[in-house]
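J.: Got a structure for you, written out below as structure tokens; questions coming shortly.
The values are calculated or read from the model by the stated rules, or taken from the named source; none is laboratory data. Just so you know, these numbers come straight off a predicted model, no measurement behind them. For neighbour counting, all protein chains shown are included, and Cβ atoms are generated from backbone atoms with ideal geometry for every residue, glycine included. Please note that ligands, DNA and RNA were not included when accessible areas were found on the heavy atoms of the full protein model with its side chains. Shrake-Rupley method; radii C 1.70, N 1.55, O 1.52, S 1.80 Å.
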Amino acid sequence: MSIWPELELVLPEVSKPARYIGGEGGMVEPEHHPSKVAWLLAYPDTYEIGLPNQGLQILYEILNERDDAVAERAYAPWVDMEAEMRAAGLPLFSVDTHRRAGDFDVLAFNLSAELVYTNLLNCIDLAGIPVRAEQRADGDLLIGAGGHCTYNPEPLADFVDFFVLGDGEEVVSEINAAISDWKRAGKRSRQSVLRALAAVEGVYVPSLYDVVYDGPALVSITPRFADVPAVVEKRTVADLAAWPYPKRQLVPLTEVVHDRLNVEVFRGCTRGCRFCQAGMITRPVRERPAEQVRTMVADGLARSGYDEVALTSLSTADFSGITEVVSATMDCGAGEVSVSLPSLRVDAFTVGLAAQIQRARRTGLTFAPEAGSWRMRQVINKLIDERDLYGAVESAFSQGWRRMKLYFLTGLPTETDVDTLAIGELARNCVELGRAHTKNPSVTVSLGGFVPKPFTPFQWFGQNTVSELQRKIFLLRDDIKRNRGVQMKWHDPKASLVEGIASRGDRRIGRVIEEVWRQGGTFQEWSEHFDYDRWTQAMDRHGLSVDWYVHRHRTEDEVLPWDHISAGLHKDFLWQDWRDALNEVGLEDCRWTPCYDCGACTGYSIEHIVASAVPPAGGSQGTGQVPTGYQPPRAVEVQLSGVGERASS
Amino acid sequence: MNPNQAPRTRIRLRYSKAGRIRFTSHRDVARIWERSLRRTGLPVAQTEGFSPRAKLHFGLALATGYESEAEYLDVDFKCADVAVPDVLDALVSVLPDGIAATGGSVLLPGAMSLQQAVTICDWDIELIDVTADDLAEWVDRVRGAATIVITRERKGQQITDDLAPQIRALEVGESTSRGVRLLATLGTQPRAARPSELLTVFEPQYRPVLIQRTRQWIEQDGARLEPLMVGAAPAQHTPVGVQ
Ligand code: SF4
């Protein structure tokens, strides 16, 4: 059953062979049986990136706890390994017991980024079945996908048998039941299992829908059968406390990203940052009880041997009683455990918290103001008062940090050069603050090109062109160049363009993805393998316009490729928020203020689970409450430019 | 109390590395040891500074993909009364599959570091695509050569070494189900000769499927000593598991 004897001969030839051996702490070597559905959970990127993925680990545990399922894991083999595997005739395999992909019933992918789409095709091909769903035989592996990218499943609709929307904890068991029936019936009819899956709430089976176009425009996506839902709703776990997973986080033998204990403290975010898809699609906020967080941290540290724990969420400083939880966590390891708080809002980073965190070890510090000017931050609804940023930076320098990273986006709606250059100003001021505490303070500006995402108020916005993004990046780079202490890194605007194609593309984009893959275009999120020309040429060859898919502003009445998918959010709420953005009107966090009826709670009869009835103390807190006496810079009048004339002034 | 003045114990541990975990790197193994020791809760000494780390001192690196019966590391503990059997017991349930602590001894203060002290290693190399006779012929040629010049790259520079004095013993071992074993003893000073380098001599066509380090030795006054025996504190601290 195991192909280890063959793999063993190949591994000495490849880089980082530990990627393929499994053997992690917490690994399961499940016993397969005809009565159990066998899942191969795959992450379509390298082991180092994929192993820490919490979504995949949660499903791995839940499935292996069931007595009618087994789950193992697979990751995309790096190019050298792929070449060896193809030469030796070895298929995609699990790292747990090194079984062939073909020995499983389901190959289910976690999709967290658009640039891995070609890797998904490559993994299906390595598994030994046709990449196009329509060509698969009745008993072939079922191909599934979940994760944030599935909120626009259309670009992968031709390759994936079923998509799962939203939280996977509950729905995975319902899916398992449907597949179990099919397996018991001898896997005779693929149609029957697809129909059964489509009946599970939260599951989208793209082959059961007809797509109608009118020239370049999408007219409709409608179910072909009466019992297939016209709109597929996402799944939401009402109470995170019921799902204290992963209980046995995998501890890898080799180094991976986020190589530490990760404990999710809450899911969802209602800060309402308008560029942030993760915040919009995971509403409402569901906090884990502080007591459960403490138990998961203590147990996790004891069994893993890690000396670092990350309290994860989309904005961890918003967790009720965060200071107490951090303090309790530090005490766990007798002062030898460090805590990292990813996605830390600047307005919550106080001297007290800074002092807590650096008790054991000073980890890297990153803040994400996202935009340089107050006006721009109103547009994107990231309402951070500059003084809060400076306060946080001051706290950090005073507690001994010497360097920090600031994240910004460029290419945002209504952005002018004044906004772009304001980023440089912020960074310079931060370095100045540092000089009072250290000789060589250093601030790194990390600049990403903005890619509009489905189910955000910016889903109608025409993305900046590559040349416009490049111009803004260089404008800022030249402005910053003369300043000692300020460094700048940026994301390749060409990669942002390709991300844009996949992010809001429709089903026709699948041909482009397939062509890029057929030409060997895997690992596109790795700069050494990214090939821009392959993408634009493939678009041309299939008669698809980059300008139409990426740079065009959408209209209110336009049918969007994800209109038959629901993240709970009402389309008119998002449209109103888009108009508010253009009018530079901020929106307060509904966690602590009245509901706007966006749909995320109201549509599913659930609500926020937040221990504290008031926002965390101190700072503007992003609640839209600009502190009295604060004079925002006078708003610059900007109009949204029409298609093809994005300001290059 | 200033932690630098606290009583310390340095314990030398021997461990094996085998099975799929052999594809982890030296660096990976160091991290595995750090996590495993933390899980035991034993009082391992920490470095000072902003990023405290456990005070572990590793011996010669083992190449990724090789197995070993005899790897060593020295661990500093921050108190005087740590007993080797207790450390070995505590490690049993925390080390991952494929790594096992097989012996240990308390070192005297001032004992030479592993990297300096070890002078030779024994290797067991399983080769395929070769017969025992062909291998014996190759062994004779290698043993008969007065000098064996090998080139390697270091920081972009081509460096040549003479491998001959480093080959301290070489012989054909038993046949296996897959091929034949080659037994070699290679010197480690001033730079450790590698089995992979040995296997380039006279460009043989066969390849290794498994390379295992079986022993490490410290040569002292003409005698070969197991690293657990050198610098070990006598009397109340009897070394455990000496080979
Ligand atoms: S339904 Fe209301 S309370 Fe719930 S996330 Fe939307 S606006 Fe907030």
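J.: Within segment A:237-273, work out how many residues are within 14 Å of the ligand (Cβ to nearest atom) and either of a type outside the set (S, T, N, Q) or without any contact (Cβ under 8 Å) to a residue 40 or more places away in the chain (or both).
T.: The qualifying residues number 8.
J.: Here's another thing I want to ask about it. Only residues that are farther than 29 Å from B:P190 by Cβ and at the interface with chain A (Cβ under 10 Å from one of its Cβ atoms): list them for segment B:45-81, please.
T.: B:Q46, B:G49, B:F50, B:S51, B:P52
J.: Quick one: is A:V293 over 26 Å from A:P457 (Cβ atoms) and free of Cβ contacts under 8 Å to residues at least 60 places away in the same chain?
T.: yes
J.: For segment B:62-121, enumerate the residues that are in contact with a Pro (Cβ under 7 Å, 6 or more places away or on another chain) and polar (S, T, N, Q).
T.: B:T64, B:S105, listed by residue number.
J.: Among residues belonging to segment A:249-283 that are assigned to a strand (DSSP E or B) and in contact with a Phe, Trp or Tyr (Cβ under 8 Å, 6 or more places away or on another chain), point out the one that is nearest to the other protein chains (Cβ to nearest Cβ).
T.: Within segment A:249-283, the subset assigned to a strand (DSSP E or B) is A:251, A:261-264, A:266-267.
When the remaining residues are screened for being in contact with a Phe, Trp or Tyr (Cβ under 8 Å, 6 or more places away or on another chain), the result is A:251, A:261, A:266.
Values: A:V251: 7, A:L261: 11, A:F266: 28 Å.
Only one residue fits best here, namely A:V251.
J.: Condition check: within 16 Å of the ligand (Cβ to nearest atom) and at pLDDT below 95. Does A:G321 satisfy that?
T.: Criteria not met by A:G321.
J.: Open to solvent by less than 40 Å² (accessible area, probe 1.4 Å), within 29 Å of A:R235 (Cβ to Cβ) and within 16 Å of the ligand (Cβ to nearest atom): does that describe A:L560?
T.: no
J.: Further question: From the list A:A42, A:A18, exactly one residue is over 30 Å from A:F266 (Cβ atoms) and aliphatic (A, V, I, L, M). Which is it?
T.: Going through A:A42, A:A18 in turn, just one is over 30 Å from A:F266 (Cβ atoms) and aliphatic (A, V, I, L, M): A:A18.
J.: Checking A:V232 against (1) within 30 Å of B:R31 (Cα to Cα); (2) open to solvent by less than 30 Å² (accessible area, probe 1.4 Å), only one condition comes out false. Which one?
T.: Against the list (1) within 30 Å of B:R31 (Cα to Cα); (2) open to solvent by less than 30 Å² (accessible area, probe 1.4 Å), A:V232 comes up short only on (1).
J.: Quick one: count up the residues across segment A:13-41 that are more than 10 Å from chain B (Cβ to nearest Cβ) and over 25 Å from A:M85 (Cα atoms).
T.: Matching residues across segment A:13-41 total 7.
J.: Sticking with this one: When A:S304 is evaluated against the numbered criteria (1) touching a Pro at 6+ places or on another chain (Cβ under 9 Å); (2) within 12 Å of another protein chain (Cβ to nearest Cβ), which criterion, by number, is the only one it fails?
T.: So the condition that A:S304 fails would be (1).
J.: Here's something else I'd like to know. So which residues in segment B:128-141 are free of Cβ contacts under 8 Å to residues at least 40 places away in the same chain and in contact with a strand residue (DSSP E or B) (Cβ under 7 Å, 6 or more places away or on another chain)?
T.: Once the filter is applied, which keeps residues that are free of Cβ contacts under 8 Å to residues at least 40 places away in the same chain and in contact with a strand residue (DSSP E or B) (Cβ under 7 Å, 6 or more places away or on another chain), segment B:128-141 yields only B:A136.
J.: Checking the condition closer than 23 Å to A:G268 by Cβ, touching an Asp or Glu at 6+ places or on another chain (Cβ under 6 Å) and either away from the ligand (no atom under 16 Å from the Cβ) or modelled with pLDDT under 95 (or both), which residue from A:V614, A:V610 passes?
T.: Details: A:V614 fails: touching an Asp or Glu at 6+ places or on another chain (Cβ under 6 Å).
Checking each option against the conditions leaves just A:V610.
J.: Does segment B:106-127 include one or more residues that are out of contact with any Cys (no Cβ under 6 Å at 6 or more places or on another chain), without any contact (Cβ under 8 Å) to a residue 24 or more places away in the chain and either open to solvent by less than 70 Å² (accessible area, probe 1.4 Å) or farther than 27 Å from B:E219 by Cβ (or both)?
T.: No, segment B:106-127 contains no residue that is out of contact with any Cys (no Cβ under 6 Å at 6 or more places or on another chain), without any contact (Cβ under 8 Å) to a residue 24 or more places away in the chain and either open to solvent by less than 70 Å² (accessible area, probe 1.4 Å) or farther than 27 Å from B:E219 by Cβ (or both).
J.: Give the residues of segment A:425-453 that are touching a strand residue (DSSP E or B) at 6+ places or on another chain (Cβ under 8 Å) and within 30 Å of A:D572 (Cβ to Cβ), sorted by residue number.
T.: Passing the criteria: A:G448, A:G449, A:F450.
J.: From the list A:E201, A:E291, which one is in a loop (DSSP other than H, G, I, E, B), open to solvent by 40 Å² or more (accessible area, probe 1.4 Å) and under 25 Å from A:E65 (Cα atoms)?
T.: A:E201
J.: Looking only at segment A:588-598, filter to residues that are near the ligand (Cβ under 6 Å from one of its atoms) and open to solvent by less than 60 Å² (accessible area, probe 1.4 Å); which one of those is nearest to the other protein chains (Cβ to nearest Cβ)?
T.: Among those residues, the one meeting the criterion is A:C590.
J.: What are the pairs, 6+ residues apart or on separate chains, where a residue within segment A:592-612 that is farther than 19 Å from A:V237 by Cα has its Cβ under 6 Å from a residue that is within 6 Å of the ligand (Cβ to nearest atom)?
T.: Hits for this filter: A:Y596/A:C590.
J.: In this structure, is A:W578 more than 23 Å from A:S112 (Cα to Cα), part of a helix (DSSP H, G or I) and either within 16 Å of the ligand (Cβ to nearest atom) or out of contact with any strand residue (DSSP E or B) (no Cβ under 9 Å at 6 or more places or on another chain) (or both)? Can you show your working first?
T.: On the way: more than 23 Å from A:S112 (Cα to Cα): yes; part of a helix (DSSP H, G or I): yes; either within 16 Å of the ligand (Cβ to nearest atom) or out of contact with any strand residue (DSSP E or B) (no Cβ under 9 Å at 6 or more places or on another chain) (or both): yes.
Judged against the criteria, A:W578 is a match.
J.: Which members of segment A:294-311 meet the condition of being open to solvent by 30 Å² or more (accessible area, probe 1.4 Å) and in a strand (DSSP E or B)?
T.: A:E308
J.: Next up: When residues of segment A:511-535 are filtered for being on the phi < 0 side of the Ramachandran plot and open to solvent by 30 Å² or more (accessible area, probe 1.4 Å), how many remain?
T.: So the count comes out to 14.
J.: Just to be sure before I move on: is A:K453 basic (K, R), surrounded by 17 or more Cβ atoms within 10 Å (Cβ to Cβ) and more than 30 Å from A:H564 (Cα to Cα) in the structure I sent? If you could, list the steps in order and put the result at the bottom.
T.: Values: basic (K, R): yes; surrounded by 17 or more Cβ atoms within 10 Å (Cβ to Cβ): yes; more than 30 Å from A:H564 (Cα to Cα): no.
Judged against the criteria, A:K453 is not a match.
J.: If a residue has to be under 23 Å from A:V193 (Cα atoms), out of contact with any His (no Cβ under 8 Å at 6 or more places or on another chain) and open to solvent by 10 Å² or more (accessible area, probe 1.4 Å) to count, how many in segment A:67-116 make the cut?
T.: Result for segment A:67-116: 6.
J.: Being more than 14 Å from chain B (Cβ to nearest Cβ), more than 14 Å from the ligand (Cβ to nearest atom) and modelled with pLDDT under 90: is that true of A:G603 here?
T.: It is false that A:G603 is more than 14 Å from chain B (Cβ to nearest Cβ), more than 14 Å from the ligand (Cβ to nearest atom) and modelled with pLDDT under 90.
J.: Also, I was wondering about something else. Just checking, does segment B:89-97 include any residue being surrounded by 12 or more Cβ atoms within 10 Å (Cβ to Cβ) and without any contact (Cβ under 8 Å) to a residue 12 or more places away in the chain?
T.: Yes, some residue in segment B:89-97 is surrounded by 12 or more Cβ atoms within 10 Å (Cβ to Cβ) and without any contact (Cβ under 8 Å) to a residue 12 or more places away in the chain.
J.: Then there's this: Only one of (1) within 24 Å of the chain's Cα centre (by Cα); (2) surrounded by 13 or more Cβ atoms within 10 Å (Cβ to Cβ) is not met by B:R178, so which one is it?
T.: Unmet condition: (1).
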